[in-house]
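> This is the structure, below, for whatever I ask next.
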Amino acid sequence: MNIDAIHMREINMPLAYPFETSFGLTTGRRILLIEIESEGLTAWGECVAGEHPYFSDEMIDTAWIITETELAPKLLEADLEGGGSVPDVLKQVRGHRMAKAALENAVWDLEAQAERVPLAELLGGTRKVIPCGVSIGIQPSLEQLMDKIETEVEAGYQRIKLKCKPGWDNHIFEAVRKRWPEIMLSCDANSAYRMKDFDHIATWDQFKLLMAEQPLWYDDFYFHSMLQKRIKTPICLDESIRNRRDALAAIDMESCQIINIKVGRVGGFSEAIAVHNVAEERGVPVWCGGMLETGIGRAHNIALSSLPNFLLPGDVSASARYWAQDIIEPEVTVSKKGEITVPTGAGSGFAVLRERIEDLTVRRQTLRAKARVTA
Ligand code: OSB
Ligand code: MG
């Protein structure tokens, strides 16, 4: 399979609801989309790098330049077997995993279309439906938080994850547990705590959280393993896990009992599957994280979540929680049971709304393959 052209574009989309984490507030997204053309087919990928290098060291502008100057030219020269052969083509470039993932995932999507199979099946997925949770940002007040949770619990979501930070933790956990003693509840600190907070974090055990996500440094395993020895609440790692070896190290060191897999964070579907498999072999459940994706990235998250060791509800939720209008059709919807049905059509199973994307585009670039000499 040869790639004839790679179209890069930046779209700007306001979020329907602002999203606040311990590292900042997001009101709208600037998103790098990739469209690849190959032998009459076209497939899309979404780069999940943020507007700032706050969640990771990548941001949309670094992803743009690396894609344009390094990654896309390498991909255009390669003779690909499919999505699984992309990491080898891009391996000379260190890091920039979110930029790489957008390209690799588009190639997997293309391969699924060419083979006329659902992307989920091509990735090794087995589930017909996936269980869904929501990630609820830091709110201006406890009342607003309680209203949000009420809405999501009513909608059927199976797990509520609360973003937290020092000063926005115990009092909200307490209020939520008082009102909903039984819901599946977790928290995500995005690295907001330090060693001096170990005793404080140990008090969370009383709230029966399903997990505490990435409480400490974004690049740490060792101190998370020290913390895990002190608390009963299972630690889940997000930011720290960049690849399969990290997952192995974290599991062996007992730094976590659960892993959040974000396909962009680990560099694409190949590595996401490798993390999934190594966790499965060691009995560690995984779930699929979210990065405020448009429908393009969301469709890819749904396909990935259909793999067997995605045992816990992910942060993959309905399009309407993010966008007044999504850029795919149909929009992603969640049933009253809190499930998304995995599409059974070829490729991602969703149609991309090209006109709507055109309207949102603020920057574009096309790279084409050099004329190929065929024997
Ligand atoms: O840590 O999971 C995170 C969004 C941006 C950056 C980091 C994270 C998140 C989320 C959003 O939690 C989850 C979603 O897409 O709903
Ligand atoms: Mg997280």
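> Determine whether Ser141 is of a type in the set (S, T, N, Q), within 16 Å of ligand 1 (Cβ to nearest atom) and modelled with pLDDT of 95 or more.
No.
> Of the conditions (1) more than 16 Å from ligand 1 (Cβ to nearest atom); (2) at positive phi; (3) among the hydroxyl-bearing types (Ser, Thr, Tyr), Thr203 fails just one. Which one is it?
Every condition holds for Thr203 apart from (2).
> Within the stretch 71-83, is there a residue that is in contact with a Ser or Thr (Cβ under 8 Å, 6 or more places away or on another chain) and assigned by TED's automatic domain parsing to the domain that holds Tyr218?
Checked against the condition, which is being in contact with a Ser or Thr (Cβ under 8 Å, 6 or more places away or on another chain) and assigned by TED's automatic domain parsing to the domain that holds Tyr218, the stretch 71-83 yields no hits at all.
> Before we move on, is Glu20 within 16 Å of ligand 2 (Cβ to nearest atom), closer than 30 Å to Arg194 by Cβ and buried (at least 20 other Cβ atoms within 10 Å of the Cβ)?
no
> Here's a check for you: in the stretch 269-284, which residue that is in contact with a Leu (Cβ under 8 Å, 6 or more places away or on another chain) and open to solvent by less than 10 Å² (accessible area, probe 1.4 Å) is farthest from Leu103 (Cα to Cα)?
Val278
> A further question on this structure: Give me a count of the residues in the stretch 235-259 that are open to solvent by 20 Å² or more (accessible area, probe 1.4 Å) and either away from ligand 1 (no atom under 16 Å from the Cβ) or modelled with pLDDT under 95 (or both).
10
> Further question: Among all residue pairs at least 6 apart or on different chains, which show Cβ distances below 9 Å where the first residue, located in the stretch 197-219, is assigned by TED's automatic domain parsing to the domain that holds Ile235 and touching a residue at least 60 places away in the same chain (Cβ under 8 Å) and the second is among the charged types (D, E, K, R) and assigned to a loop (DSSP other than H, G, I, E, B)?
Tyr218/Asp238; Tyr218/Glu239
> Now, a different point. What are the pairs with Cβ atoms under 6 angstrom where one residue, in the stretch 144-160, is within 13 Å of Arg321 (Cα to Cα) and the other, located anywhere, is modelled with pLDDT of 95 or more and surrounded by fewer than 20 Cβ atoms within 10 Å (Cβ to Cβ)? Sequence gap at least six, or different chains.
none
> Please go through the stretch 339-371 and pick out each residue that is touching a residue at least 60 places away in the same chain (Cβ under 8 Å), touching an Asp or Glu at 6+ places or on another chain (Cβ under 9 Å) and small (Gly, Ala, Ser).
Ala346, Gly347, Ser348, Ala369
> Restricting to the stretch 143-154, name every residue that is open to solvent by 10 Å² or more (accessible area, probe 1.4 Å) and either outside any helix (DSSP H, G or I) or touching a helix residue (DSSP H, G or I) at 6+ places or on another chain (Cβ under 9 Å) (or both).
Met146, Glu150, Glu152
> Return the residues of the stretch 295-326 that are within 19 Å of Leu33 (Cα to Cα) and either of a type outside the set (A, V, I, L, M, F, W, C) or assigned by TED's automatic domain parsing to the domain that holds Ala102 (or both); say none if nothing qualifies.
Gly295, Gly297, Arg298, His300, Asn301, Ser319, Tyr322, Gln325, Asp326
> Could you say whether any residue in the stretch 220-227 is open to solvent by 10 Å² or more (accessible area, probe 1.4 Å), touching a residue at least 60 places away in the same chain (Cβ under 8 Å), within 16 Å of ligand 1 (Cβ to nearest atom) and within 24 Å of the chain's Cα centre (by Cα)?
No, the stretch 220-227 has no match at all.
> Taking the residues in the stretch 260-284 that are charged (D, E, K, R) and not in a loop (DSSP other than H, G, I, E, B) as candidates, determine which candidate is nearest to ligand 1 (Cβ to nearest atom).
Looking at the filtered set, the residue picked out is Arg265.
> Something else now. Are any residues in the stretch 112-136 part of a helix (DSSP H, G or I) and open to solvent by 30 Å² or more (accessible area, probe 1.4 Å), and if so, which ones? Don't jump to the end; show me each part of the working.
Step one: filter the stretch 112-136 for residues part of a helix (DSSP H, G or I), giving 112-115, 119-123.
Correct list: Gln113, Ala114, Glu115, Glu121, Leu122.
> Next question. Determine whether Gly314 is at positive phi, in contact with a helix residue (DSSP H, G or I) (Cβ under 6 Å, 6 or more places away or on another chain) and small (Gly, Ala, Ser).
In short, no.
> So for the stretch 285-300 (the condition being buried (at least 18 other Cβ atoms within 10 Å of the Cβ), within 26 Å of Gln325 (Cα to Cα) and β-branched (Val, Ile, Thr)), does at least one residue qualify?
For the stretch 285-300, residues buried (at least 18 other Cβ atoms within 10 Å of the Cβ), within 26 Å of Gln325 (Cα to Cα) and β-branched (Val, Ile, Thr): present.
The values are calculated or read from the model by the stated rules, or taken from the named source; none is laboratory data. Keep in mind it's a predicted model, so treat the numbers as computed, not measured. Ideal geometry is used to build each Cβ from the backbone, glycine not excepted, and the neighbour counts take in all protein chains shown. Remember, those area values only see protein heavy atoms, side chains included, never the ligands or the DNA or RNA. Shrake-Rupley method; radii C 1.70, N 1.55, O 1.52, S 1.80 Å.
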